[in-house]
Each structure stands twice: as structure tokens, then as C-alpha cells.
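Values quoted throughout were computed directly from the atomic coordinates according to the rules given, and no laboratory measurement underlies them. Since this is a predicted model, take the numbers as computed values, not measurements. With ideal geometry, Cβ positions are generated from the backbone for all residues, glycine too; neighbour counts draw on all protein chains shown.
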Amino acid sequence: MAASTDLSLVTQVAVFHNKRAFDQLVRKYQSPVRRFFLNQTLGDTQLSDDLAQDTFIKAYTHITSFKGMSGFSTWLFRIAYNVFYDYKRAQHITDDIDVSVAAHRSASTTDGSLRLDLYEALNILRPDERTCITLQLIDGLSIDKIVEITGITQNTVKSHLARGKQKLATYLKANGYDGK
């Protein structure tokens, strides 16, 4: 039912340029897209909001390219994924500098130790691992959906998930979380 509703709204936007229909799509997917960016930026709310806005602008301007071969949410998250990696490429920041900047942002923008711990834990992951982990564990997406969104092969997604989960488990255990 939700997929047919999304398809109906997309059709109204693509064919009739119905902005109210697009507003409904934005309201429905704004929180998941923003959460995706918050996890990728390690809690930088302003950057997450900016990237989410860019995602919806791109979705609106390219809505006619949605062919319905996958769900609208998968298509939208693929745009979000590309927006994030375009942003990262534009920064020209090395991994070492990026880690220290992200850690500083995380420490200055979070409010509460659990949230801080989560972003610090995500910070130890490589970007592709972080993307796969957050899409599966936080957004609840299947491996197949992660493959569609990222364009990474299924075996590579599985490897990123396994390595990422191991790194997180090791980090959390070393920081007093015993898994109970």
C-alpha cells in the first residue's frame, strides 16, 4: 500500500508538477534521510540538514528519472548516498584529518553520553563500513536494499557489515558496554 501511495505521489509530481504531492513525500522521508546523514556525519546536525535538503532538491529535479524498478525510498536513499559521497569528494580531506574533524564535531555537537558514544563508535569505522552498518542496524534495511542504494556488491556489503560489527563490538566492549 505504501509503495502504491509513493508511486501515485511520484506520478503526480512528475506529470502534473504537484508540489503538494512532493511535500507529502518529503514529510514521509525527511526523518529517515536526515537520520542517515546524522549517522554519516557523526552528529553534525547542520551539515545533515543541508545534505538532506540537497537530496530532496535533487529528487525533485530528477523525479522523472524514477522508473519504479525499486521502491521510491530505495531511489531516494541512492540519491542521499550520492549526495554524501559528492560532499566528501569535494572536501579533499584525508582520512586522518577527517577523523579528527569528525571527532571534534561529534564532541561539540552531541548532548548526552550515549549519543556521544554512538558517534564515537561509528567514527572508528571506515566510511563504507559506517554506511552499511547504519543502513542495516539503524535504518533496518536488508543487504539487498543496501546493495541497491550503494551500488556495492553483495559480498562487499557483507564484508563491510562483518568488519564493522566486529570493530563496534570491540570498541563498545573496551568502553564498558558488555552487551547485556
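Before moving on, here are some points about what is shown:
- Among 118-124, 147-153, 166-172, the peptide with the highest mean count of other Cβ atoms within 10 Å heads the list, and the full ranking is 118-124, 147-153, 166-172.
- Extension gain, R35 to Q53, is 5.2 nm, computed as 0.36 nm per intervening residue step minus the present C-alpha separation.
- Computed from label points 7 Å out along Cα-Cβ, the spacing between R89 and R126 is 1.8 nm.
- A Förster radius of 22 Å, combined with the Cβ-Cβ distance separating K158 from T5, puts the computed FRET efficiency at roughly 0.10.
- Subset of K67/K88; K58/K88; K88/K158; K28/K58 violating a 21 Å alpha-carbon distance limit: K67/K88; K88/K158
- Stretchable slack from T74 to K28, in nm (0.36 nm times residue separation minus alpha-carbon distance): 15.2 nm
- Divide the volume of the convex hull around the Cα atoms of segment 114-153 by the residue count and you get 59 Å³ per residue.
- Cβ charges +1 (Lys, Arg) and -1 (Asp, Glu), total dipole of segment 2-174, debye: 400 debye
- Ranked by the mean number of other Cβ atoms within 10 Å of their residues, highest first, the peptides 14-27, 37-50, 133-146 fall in the order 37-50, 133-146, 14-27.
- Pairwise label distance in nanometres, K173 with F16, each label 7 Å out on the Cα-Cβ vector: 5.8 nm
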